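Asker: One structure, pasted below without further comment.
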Amino acid sequence: MSRLQPARGTADLLPDSMAKHRLVIDAARTASARYGFQEMATPIFEFSEVFSRPLGESSDIVTKENYSFADRGGEILTLRPENTAGVVRAMISGGLTQSLPLKYFYAGPMFRYERPQKGRMRQFHQVGIEYLGPDDALADAEIIACGARFLASLGVLDDCELHLNSLGDGDSRAAYRAALIAYLETFADQLSDDSKTRLAVNPLRILDSKDAGDRAILQDAPRLHDYLNDVSKAHFTDLTAALDGAGVAWVFDPLLVRGLDYYCHTAFEFVTTSLGAQGTVLGGGRYDGLAEMLGGPKVAGVGWAAGVERLAMLVETASVNNPKVAILTADDGARQAAFCLAEQLRDAGIDIDLPTSGAMGKKLKKADKAGIRTAVIMGSDELAKNTVQLRNLGDGSQQELPLDPDDCSGLAAAIAESLLAP
């Protein structure tokens with residue numbers, strides 16, 4: 001009879017459960033579309049090196065949690081434990097690095113061999129987004145704002161707290177790594193067996209240890225934020241300024257880290273106390289070194305993933321999709337204001353695409369290729385006059401409209417009218 005039960009760590013999605021899963025996935029799809037993310041999918045299994053290269057052959061996921069097997073041709077394959085590496089692999093193998101920036105949304109099952117518990121299964125489902133190409137803080141702010149909007153559309157954002165930290169750039173992490181090693185070496189004989197191994201291979205992974213003895217030692221360990229250089233501090237300042245300007249609440253969490261070398265700068269998690277120990281419902285960060293680690297060119301990236309099962313325990317409502325507009329900045333002086341305006345217009349129910357880099361001509365071409373017919377254009381000159389330019393990308397006609405930084409209802413109405421025009 002036991003053979004007629006689902007395998008341990010898996011579950012049937014019968015109609016009631018499936019409805020909640022679909023609600024979560026549709027809400028994520030809608031929220032990401034509002035930010036210009038396009039849906040894609042990667043194979044459920046990949047060549048094992050797609051995951052072992054970035055995770056490290058000695059990581060817990062590779063050595064203990066991956067479902068790996070040899071197929072009949074002798075190839076070693078792995079069921080995907082997460083999807084970021086697969087998305088970056090698809091960019092490289094598909095020759096898409098000439099089409100940057102790329103904004104992808106995905107949804108699907110992942111697999112890890114671990115002890116099943118509430119909200120954590122061996123076959124589990126994730127939704128996520130990956131923003132490939134930009135290396136600036138506004139790209140980080142946009143994906144975090146997208147995550148917040150997704151959770152708000154489900155009615156769970158008020159039960160979550162956004163934890164935020166900076167991991168710094170390579171130079172900052174190297175300085176911190178040296179300080180961390182010097183500190184941990186004085187406790188080498190007291191570390192857990194896993195952490196003793198990690199001290200020689202990748203000491204930053206010790207920061208992720210769940211061992212009680214390790215956690216006690218780490219209480220007085222050096223903090224990464226004390227080793228940030230000026231570049232890293234500026235990135236974090238730009239990020240937090242954008243989030244503050246858009247009204248996205250956050251708390252600084254110096255203990256939030258990512259142990260893998262390809263992570264840098266931003267790390268974040270939306271955490272709830274409503275699910276017990278498994279409190280993280282959505283998390284992500286910047287991974288500028290991943291593409292190179294997979295054998296491709298240097299391509300910056302930032303993204304997040306959210307657990308469908310965990311969110312399905314909390315959800316009540318979803319959102320809807322609406323028309324789409326591009327906000328294009330003529331110069332760097334308008335970038336922060338454009339980000340805040342984009343959030344206000346999204347609040348008004350308008351899908352917004354906000355490129356964070358690139359020349360105006362390139363932005364216009366990309367908007368046209370995406371089928372966008374209305375653009376809000378703003379630069380330092382417009383901001384000085386509290387105006388924006390509303391352009392019909394179909395016929396090139398353009399009108400100047402007033403911009404009230406505290407109330408964009410008039411502008412939203414004008415945009416809505418332009419979208420209805422033939």
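The values are calculated or read from the model by the stated rules, or taken from the named source; none is laboratory data. These numbers were taken from a predicted model, which means no experiment stands behind them. FYI the Cβ positions are ideal-geometry reconstructions off the backbone, even for glycines, and counts take in every protein chain you see.
Asker: Among the residues that make up the range 271-280, is at least one of them surrounded by 19 or more Cβ atoms within 10 Å (Cβ to Cβ), touching a helix residue (DSSP H, G or I) at 6+ places or on another chain (Cβ under 8 Å) and at pLDDT 95 or above?
Answerer: Within the range 271-280 (the criterion being surrounded by 19 or more Cβ atoms within 10 Å (Cβ to Cβ), touching a helix residue (DSSP H, G or I) at 6+ places or on another chain (Cβ under 8 Å) and at pLDDT 95 or above), the answer is no, since none of the residues qualifies.
Asker: Considering the range 173-189 alone, what residues qualify as being farther than 19 Å from Asp261 by Cβ, modelled with pLDDT under 90 and either in a helix (DSSP H, G or I) or among the hydroxyl-bearing types (Ser, Thr, Tyr) (or both)?
Answerer: Of everything in the range 173-189, those that are farther than 19 Å from Asp261 by Cβ, modelled with pLDDT under 90 and either in a helix (DSSP H, G or I) or among the hydroxyl-bearing types (Ser, Thr, Tyr) (or both) turn out to be Ala188, Asp189.
Asker: Moving on to the next point. Could you please let me know if Ser209 is at pLDDT below 90 and either closer than 30 Å to Val315 by Cβ or small (Gly, Ala, Ser) (or both)?
Answerer: Judged against the criteria, Ser209 is a match.
Asker: Which condition breaks for Asp169 when tested against (1) surrounded by fewer than 23 Cβ atoms within 10 Å (Cβ to Cβ); (2) modelled with pLDDT of 95 or more; (3) under 13 Å from Thr266 (Cα atoms)?
Answerer: Of the numbered conditions (1) surrounded by fewer than 23 Cβ atoms within 10 Å (Cβ to Cβ); (2) modelled with pLDDT of 95 or more; (3) under 13 Å from Thr266 (Cα atoms), the odd one out for Asp169 is (2).
Asker: (1) in contact with a Leu (Cβ under 7 Å, 6 or more places away or on another chain); (2) at pLDDT 85 or above; (3) not in a helix (DSSP H, G or I): which one isn't true of Gly394, the others all being true?
Answerer: (1)
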